[in-house]
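Computed from the coordinates by the stated procedures, all read-outs in this text should not be read as laboratory data. Everything numeric here is computed off the predicted structure, so don't read it as measured data. Note that each Cβ is placed from the backbone with ideal geometry, even for glycine, and that neighbours are counted across all protein chains shown.
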Amino acid sequence: MNKKEMIIKELEKKIRKAIMKLDGIPEYLIPKINVPNDYAYPYVEIENNGTIYIVVREKGVEYERVICLDVSDTILKLFEKITFELAVNEEKNNLKYSIENLKNKQKELMKLIILNDQ
């Protein structure tokens, strides 16, 4: 198994684990590996040399490409984006909507992923 395959296998495992902790994550937010989308949702791109990127593109235009240090860094950066989207989805129906509530909800979701990550 080469380096890229090992990284993919480890990332898939950690993504599944994080998704299970979030309970009820919509299918469109589940990140794919080396499967681009044009809907402004992040996906992971891994080069043959093992370099990992989180990419966000919409309608063929790449808006963001973030290099990651390792698998753990990838999970952290990836789920910061996903938990923000989840927090927005939950908070948008709240009559007392506020940025502070949004930040607090995102922190709660991130704690679920980070705790017991071994």
With n ≥ 4 as the cut-off for DSSP H runs, can you work out [θ] at 222 nm for the chain, using -39500 (n - 2.57) per run divided by the number of residues, rounded to the nearest 500? -16500 deg cm²/dmol
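Assuming R0 = 22 Å, what is the FRET efficiency of residue 88 and residue 22, from their Cβ-Cβ distance, to the nearest 0.05? Kindly include the intermediate steps, with their values, before the conclusion.
Numbers: r = 14 Å, r/R0 = 0.65.
Result of the calculation: an efficiency of 0.95.
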For the range 1-117, convex hull volume per residue from C-alpha positions, Å³: 111
Phi angles of the range 33-38, converted by Karplus (6.51 cos²θ - 1.76 cosθ + 1.60, θ = phi - 60°) into ³J(HN,Hα) in whole Hz with x for Gly and Pro, give 10, 6, 10, x, 10, 10
Length-normalised contact order of the chain in % [C-alpha pairs under 8 Å, at least 6 apart]: 20
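So what's the net charge close to residue 28: Lys and Arg +1, Asp and Glu -1, counting the other residues with Cβ under 14 Å from its Cβ? Don't skip to the answer; put the middle values down first.
Working: positive: 32, 81; negative: 27, 38, 58, 85.
Surrounding charge for residue 28 is -2.
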Using DSSP, restrict attention to beta bridges with both residues in the chain and report what percent are antiparallel, rounded to the nearest 5. 90
Any idea how far the Cα center of the range 1-56 sits from the one of the range 57-115, in Å? 15
Measure nothing fancy, just the Cα-based angle from helix 3-22's long axis to the longest principal axis of the chain, in degrees from 0 to 90, nearest 10. 20
Using a cut-off of 12 Å between beta-carbons, work out the net charge of the residues near residue 37 (Lys and Arg +1, Asp and Glu -1, residue 37 not included). -2
For residue 56, net neighbour charge (Lys/Arg +1, Asp/Glu -1) across residues whose Cβ lies under 14 Å away: -1
Cross-link reach from residue 107 to lysines, straight Cα distance under 16 Å and at least 8 residues apart if same chain, gives 21, 77, 81
